[in-house]
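The values are calculated or read from the model by the stated rules, or taken from the named source; none is laboratory data. Keep in mind the model is a prediction, meaning the values are calculated, not measured. Note that each Cβ is placed from the backbone with ideal geometry, even for glycine, and that neighbours are counted across all protein chains shown. These accessible areas exclude ligands, DNA and RNA; they are computed on the full protein's heavy atoms, side chains included. Shrake-Rupley method; radii C 1.70, N 1.55, O 1.52, S 1.80 Å.
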Amino acid sequence: MADPDVDLVTVAVQLPSRDGLVEAAIAAGRHVYSEWPLAPDAATAERFESAARAAGVRHAVGLQSRHHPEVRLLREVLAQGLIGEVLSASLLYSLATPEVWSTRYAALFDETKGVNHLAVVGGHSLDMFQYAVGEFTEVSATLATRIDRITMEETGEPIEVTSPDQIVLGGLLESGAAASAHFMTGGPRGDGFRIEVHGRTGRLVLVSSDDSLVGPRFTLTHAPANGSPARQLTVPHAHRPLLGTPSAVSNVAQVYTDLARAIRTGDDFGPDFTTAVRVHRLLDAVRSSGGSGRRVRLG
């Protein structure tokens, strides 16, 4: 990091082993790209954001799913008013989750770790959802652990699951629209993503090809209120994937490309540490609501 030829530090170490790395990159005056999650909680993420701003370094976070071409198209047509005023939006994600796992994934099942299903699945999915439909301003959540024991593949050792595998939240968006999300990460079969947005003049539905968290293909359909059949929307050239393939790799490449442009021009871009702070605040609110049973407002 001290080498003057180093422009950018990428922090790709898993969160529980990452202590000090983001801060060290910022202290060295290097631009920094951190994989998601940025931090274990919003307070730590806010500290990273403030330090980066004070040091004058640019920053990015690996919330690349917002760059799926159909997700960007959904955001665009909503802004253009294709279905009029948005009344409600829902996100459903189901993931096939075996009961035998490699030890390298043990942290997923520990509520004290920052890389459990709420942080990883919830973080990537909720950023993608909010990028398209707008941000939550208040939320109520229910967290449940339905599969309470898994087995380590290498040793055959059973371990207790303390992190939730059923994550349900609902609330209001900044537009006033009602919104909900349900993450089903415990079970033998998964069907991936389904996002529905209902407006005064129609409905938009975004569906994934499989249950991959960050690398599925999507199909976006529009059903107008006049009763005409739903039709698939074509992705315009402006939203075509950077590397020619709609994949997690191309989406990550887009984040790096935008970060490089921001370093050269000084322009704002996302997803950056500011994005990460907003997502961490939402995740903290989900945890708080799930633990207390109370609605939490995000300000």
Going through segment 14-61 one residue at a time, which ones are more than 16 Å from Leu259 (Cα to Cα), touching a residue at least 12 places away in the same chain (Cβ under 8 Å), assigned to a loop (DSSP other than H, G, I, E, B) and among the small types (Gly, Ala, Ser)?
Ala28, Ala39
Within segment 107-127, is there a residue that is in a strand (DSSP E or B) and open to solvent by 10 Å² or more (accessible area, probe 1.4 Å)?
no
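I'd like to know if segment 162-170 contains one or more residues that are farther than 16 Å from Gly291 by Cα and either among the β-branched types (Val, Ile, Thr) or touching a residue at least 60 places away in the same chain (Cβ under 8 Å) (or both). So that I can check it myself, show each step before the final result.
First, pick out the residues of segment 162-170 that are farther than 16 Å from Gly291 by Cα: none.
So far as segment 162-170 goes, no, none of its residues is farther than 16 Å from Gly291 by Cα and either among the β-branched types (Val, Ile, Thr) or touching a residue at least 60 places away in the same chain (Cβ under 8 Å) (or both).
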Pair list, Cβ under 6 Å, 6 or more apart: segment 92-103 residue among the acidic types (Asp, Glu), other residue surrounded by 13 or more Cβ atoms within 10 Å (Cβ to Cβ) and assigned to a strand (DSSP E or B):
Glu99/Ile150
Report, by residue number, each residue of segment 7-33 that is modelled with pLDDT under 95 and out of contact with any strand residue (DSSP E or B) (no Cβ under 9 Å at 6 or more places or on another chain).
Val13, Gln14, Leu15, Pro16, Ser17, Asp19, Gly20
Among the residues of segment 226-240, which ones are without any contact (Cβ under 8 Å) to a residue 60 or more places away in the chain and more than 16 Å from Gln254 (Cβ to Cβ)?
Asn226, Gly227, Ser228, Pro229, Ala230, Arg231, Gln232, Thr234
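Name the residues in segment 171-206 that are without any contact (Cβ under 8 Å) to a residue 60 or more places away in the chain and of a type in the set (Val, Ile, Thr), would you? Walk me through how you get there before you give the answer.
At the first step, the residues of segment 171-206 found to be without any contact (Cβ under 8 Å) to a residue 60 or more places away in the chain are 172, 174, 176, 205.
Answer for segment 171-206, where residues must be without any contact (Cβ under 8 Å) to a residue 60 or more places away in the chain and of a type in the set (Val, Ile, Thr): just Val205.
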For segment 270-298, what are the residues that are in contact with a strand residue (DSSP E or B) (Cβ under 8 Å, 6 or more places away or on another chain) and either over 30 Å from Ala144 (Cβ atoms) or not in a helix (DSSP H, G or I) (or both)?
Pro271, Asp272, Phe273, Arg294, Arg295, Val296, Arg297, Leu298
